[in-house]
Amino acid sequence: MTGAHLRGDDLIARRHLAASPERVWAAFTSPTGITAFWGGSHATVPPGSVTVDLRPGGEFALDTRAPDGRTRRLRFVYVHLTAPHELVFDEPVTGLRTTVTLRPTADGTDLTVHQRRLPPELRTTRAADGLAAILDALAAHLGQTCPKPAPDPVTERP
């Protein structure tokens, strides 16, 4: 499982994926891709609940269904898109900003998900574990059976 680390009101997760940046981008920006991995191990995303308007100012939304059957609608607004390298979106209710960065490597993609301005209720180990589970589900969706973390440029030097 990939770890996600809390730093104040930031949550950062890194993962190396054995898939091209274009495949990872498609997973993050298509209804089929989002449905396949977004819930991680703690929820499912019902097919047909995902809408995507892929442009700055456009929205994407999805339903998550918890194991107890409770459904929650999530809505995000795209701020910046540079395909297939960077995707920035905000959650308008809380102000949470997520930046997804994809860097090509010789054998795939180094992915960083950086969430900023986490509201206090999301500054928890449970939230970090949830993001890690979502990235595990992304790796599985992309056909990677043995995920490994991407190097942390701050703590790991070549």
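The values are calculated or read from the model by the stated rules, or taken from the named source; none is laboratory data. In this text the structure is predicted, and so the values were computed from the model without any measurement. Every residue, glycine among them, receives a Cβ derived from its backbone with ideal geometry; neighbour counts consider all protein chains shown. When the accessible area is computed, the model is the full protein with side chains, heavy atoms only, and any ligands, DNA or RNA have been set aside. Shrake-Rupley method; radii C 1.70, N 1.55, O 1.52, S 1.80 Å.
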**Item:** Average accessible surface area per residue within the chain, 1.4 Å rolling probe, Å²
**Value:** 52
**Complete:** the chain, Gaussian network, Cα under 10 Å: of Val50, Val24, Val93, the residue fluctuating most is Val93
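All other residues with a Cβ under 15 Å from the Cβ of Gly58 taken together, and with Lys, Arg as +1 and Asp, Glu as -1, what is their net charge? Don't skip to the end; give the middle numbers.
On the way: positive: Arg55, Arg75; negative: Asp53, Glu59, Asp90, Glu91.
Charge balance near Gly58 sits at -2.
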**Prompt:** For q = 0.09, 0.10, 0.15, 0.21 Å⁻¹, what log10 I(q)/I(0) does the chain give under the Debye formula with an equal point scatterer on each alpha carbon and no solvent?
**Reply:** -0.26, -0.33, -0.78, -1.69
